[in-house]
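**Q** Supplied in C-alpha cells, the structure appears directly below.
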Amino acid sequence: MVEVGNLNIKDTFYHKEHKYKVIDNSSIFIIAKGIPNDGITRYFLKSIKVDKKIIDSFWLKNPDYDITDRWQDQVR
C-alpha cells in the first residue's frame, strides 16, 4: 500500500479493484483515468492508500529462467 500522492504521472495503481492511470498531479488531488478508459476523470485525495502496479515478471524474479535443453546440441 502506498499513498496515491507519492505516485508520478503515467503510473498505474489499483483502488477498490479498479485500475487507474495518473494523468495529473495538483496540489490537493491526483487526477486519474480508468483503464480501460471509460471517459470519466477521477480525483483522488493525495492521502488515499492504493495498491501500486508492480512490474515484476517471471524473467526478473527467476535468474535461471534460461536453463533449458535448447543449447544441448551445442554443448556436446
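**Q** Just wondering, is there one or more residues in the stretch 46-59 that are at pLDDT 90 or above and aliphatic (A, V, I, L, M)?
**A** No: the stretch 46-59 contains no residue that is at pLDDT 90 or above and aliphatic (A, V, I, L, M).
**Q** What is the residue count in the stretch 1-56 for residues that are among the basic types (Lys, Arg), assigned to a loop (DSSP other than H, G, I, E, B) and surrounded by fewer than 14 Cβ atoms within 10 Å (Cβ to Cβ)?
**A** Of the residues in the stretch 1-56, 2 are among the basic types (Lys, Arg), assigned to a loop (DSSP other than H, G, I, E, B) and surrounded by fewer than 14 Cβ atoms within 10 Å (Cβ to Cβ).
The values are calculated or read from the model by the stated rules, or taken from the named source; none is laboratory data. Please read these numbers as outputs of a predicted model, since none were measured by experiment. Heads up, the Cβs are rebuilt from the backbone with ideal geometry, glycines too, and the neighbour counts pull from every protein chain shown.
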